[in-house]
Amino acid sequence: MILKLDPGERLLYRGPDWDFTTLRRIHDAIEQVALKDMGLDVYPNQIEVITAEQMLDAYSSSGMPLFYKHWSFGKHFAQHETVYRQGLGDLAYEIVINSNPCITYIMEENTATMQALVIAHASFGHNHFFKNNYLFKQWTDADGILDYLDFAKGFIAECEERYGHREVERVLDAAHSLMSNSVHRYPRRSRPDLRTEEKRERERREHEERMYNDLWRTVPAARDGAPSSALEEHRKALLQLPQENILYFLEKTAPRLKPWQREILRIVRLIAQYFYPQRQTKLMNEGCATWCHYRIMTALHERGEISDGDFMEAMHSHTNVTYQPSFDHPRYNGVNPYALGFAMMRDIARIAVEPTQEDREWFPDFAGKGDADGVLRDVWANYRDESFVMQFLSPRMIRDWRLFHLLDDTNEPALRVDAIHDERGYRRIRRAFAKQYDVACLDADIQVVDVDLAGDRRLILHHNVLNRVLLETEDTGRVMQHLADLWGYDVLLKEIDTTTGMVLKEHHAKPHPAG
């Protein structure tokens, strides 16, 4: 039953039920707080209501409802559905897409209060972060992503009809295995214009086939008197080596790939690039959205637009989201990005308005300046997780969260507490904690370094090993097999200690006969 409000009623809704008129009223009230009071800058919003099963489906396909088909998405769907149906876990309240307009998918099962919370969190918090953070500006095309996903879905479906489901799945499996090592980590001359991808696909395919043929027809051969170093330099320049984006390298130079296979590699790597900023800003993005929904829901309650009971429901959900179990709790699974992100946003706002003397010494640029919203908007625009923690984790936060640095050195017989709560310790803790959000430390540094063009065309890669942490043998073997199948010839991966230059381990793979 939908309860109608009196014309003079200040409340946006009564009870848990809602209709689309209620959603419009909630959205407009939230927009008033977000844009005028908090100064947020957002893409236009598009809010779509979906069922729990549709949410499961979207959540299982990397959070992208408009996506091509792959067996791994079905596996994830079955896993999430089993957990959800047995009451062992909850679904995401929403899915939000970094696009223009910004699309937020909300569940029809949500109460009116939850819909308000989700709109505040996703349609304004995440939306503002997507539009303004420098990484998303550098790497993502919010205007073109939806058209590109539609093109990708259609292209892969067409390939399945033309070349067979198994052949397409084999290429996708291989591409997905290399996805995390197939992004450009440094800004290039221009980001891809995704809206032109479908239009340019045929032109690009014809051009790249010509370039590919020229490359392998003009393999540099040894010339009498020509120094080997000059030949090596020419070969590496020709192949743009070393290359950290493995799918990009394969797309451009793999000898045996067909044009449609190259296009699938391009699709997978462009989608990997789209998600690259999100991997670097999980803490900040969720912290921003959680801070925004907290501020907005509090403002609506103070204005009398939601009731005490509805505000309590919102805060109950907020508290669940920002709960941080202790290390010895059964639910502990590392640091909760919602909890730490929100706590740091709240701490920054406190320092801007009511700083202590310690805060003034650590944060002289904004302590006591009074403009908390302005400081937070600047933080959201100009930092990623690593630099955010490095710059803004305060001594008070370190004490409140009881953080300390435990050194686990394989060369020493016991663990050592390396930093405690003193001047030097705060800085060491902050530096060590920030490293846990640095993708350069989290992802293996693997690069294509050479190809034996004049010989057996073996592909050579190097893994630059940090702290003598080697790749897991079994997983590496499977990924190497996928790589060899795409390349079409033998592949060699050397794991090299960055400090000594020693080769610690080698991995070899040969393509399958049908590869």
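If you scan segment 297-329, which residues turn out to be assigned to a loop (DSSP other than H, G, I, E, B) and within 27 Å of the chain's Cα centre (by Cα)?
Of segment 297-329, the ones assigned to a loop (DSSP other than H, G, I, E, B) are 303-307, 322-329.
Within segment 297-329, Thr322, Tyr323, Gln324, Pro325, Ser326, Phe327 meet the criteria.
I want to confirm something. Restricting to segment 441-460 and keeping residues that are without any contact (Cβ under 8 Å) to a residue 60 or more places away in the chain and in a strand (DSSP E or B), which single residue is surrounded by the most Cβ atoms within 10 Å (Cβ to Cβ)? Explain how you work it out, then say what you get.
Filtering segment 441-460 for residues without any contact (Cβ under 8 Å) to a residue 60 or more places away in the chain gives 441-442, 452, 455-456, 458-460.
Cutting the leftovers down to in a strand (DSSP E or B) gives us 459-460.
Details: Leu459: 25, Ile460: 16.
Only one residue fits best here, namely Leu459.
Just the residues that are within 23 Å of the chain's Cα centre (by Cα) and more than 21 Å from Asp408 (Cβ to Cβ), please, taken from segment 438-463. Before you say what the answer is, go through the steps one by one.
Initially, segment 438-463 is screened for residues within 23 Å of the chain's Cα centre (by Cα), giving 438-447, 463.
The answer is Val439, Asp445, Ile446, Gln447, His463.
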ask   = Within segment 380-412, which residues are within 24 Å of the chain's Cα centre (by Cα), in contact (Cβ under 8 Å) with a residue 40 or more places away in the chain and in a helix (DSSP H, G or I)?
value = Trp380, Ala381, Asn382, Asp385, Glu386, Ser387, Phe388, Val389, Met390, Phe392
message = So, Tyr426, is that one in contact with a helix residue (DSSP H, G or I) (Cβ under 6 Å, 6 or more places away or on another chain), surrounded by 18 or more Cβ atoms within 10 Å (Cβ to Cβ) and modelled with pLDDT under 90 or not?
response = yes
task = Would you be able to say whether some residue in segment 144-167 is at pLDDT below 90, hydroxyl-bearing (Ser, Thr, Tyr), in the same structural domain as Ile306 (by TED's automatic domain parsing) and farther than 28 Å from Leu376 by Cβ?
result = no
task = Just name the residue that is surrounded by the fewest Cβ atoms within 10 Å (Cβ to Cβ) out of those in segment 299-328 that are among the aliphatic types (A, V, I, L, M) and closer than 22 Å to Leu35 by Cβ.
result = Ala299
inquiry  = So for segment 271-280 (the condition being free of Cβ contacts under 8 Å to residues at least 60 places away in the same chain and crowded, with 17+ Cβ neighbours inside 10 Å), does at least one residue qualify?
reply    = no
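Go through segment 420-477 and report how many residues are among the β-branched types (Val, Ile, Thr) and more than 17 Å from Leu178 (Cβ to Cβ). Full working, then the answer.
Taking segment 420-477 as the starting set, the residues that turn out to be among the β-branched types (Val, Ile, Thr) are 420, 429, 439, 446, 448-449, 451, 460, 465, 469, 473, 476.
This time we only want the ones that are more than 17 Å from Leu178 (Cβ to Cβ), so: 420, 429, 465, 469, 473.
So the answer is 5.
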inquiry  = What's the number of the only condition in (1) in a helix (DSSP H, G or I); (2) surrounded by 20 or more Cβ atoms within 10 Å (Cβ to Cβ); (3) at pLDDT below 90 that Tyr105 fails to meet?
reply    = (1)
Leading residue by the ranking (nearest to Asn181 (Cα to Cα)) among those in segment 246-255 that are touching a residue at least 60 places away in the same chain (Cβ under 8 Å) and in contact with a helix residue (DSSP H, G or I) (Cβ under 8 Å, 6 or more places away or on another chain) = Ile246
key: Selected residue (only one of Gly89, Gly39, Gly63, Gly125 is small (Gly, Ala, Ser), modelled with pLDDT of 70 or more and part of a loop (DSSP other than H, G, I, E, B))   = Gly39
task = Any chance you could count how many residues in segment 413-440 are assigned to a loop (DSSP other than H, G, I, E, B) and farther than 23 Å from Val469 by Cβ?
result = 3
ask   = Can you name the residue in segment 300-350 that is at pLDDT 90 or above and polar (S, T, N, Q) and, of all such residues, is farthest from Glu286 (Cα to Cα)?
value = Ser307
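Here are Val439, Val449: which of them is closer than 16 Å to Glu244 by Cα and modelled with pLDDT of 90 or more? Quick ask: steps written out before the conclusion?
Values: Val439 fails: modelled with pLDDT of 90 or more.
Answer to the selection: Val449.
The values are calculated or read from the model by the stated rules, or taken from the named source; none is laboratory data. Values in this document were obtained by computation on a predicted structure and should not be read as measured data. Glycine also receives a Cβ, built like all others from the backbone with ideal geometry; neighbour counts cover every protein chain displayed.
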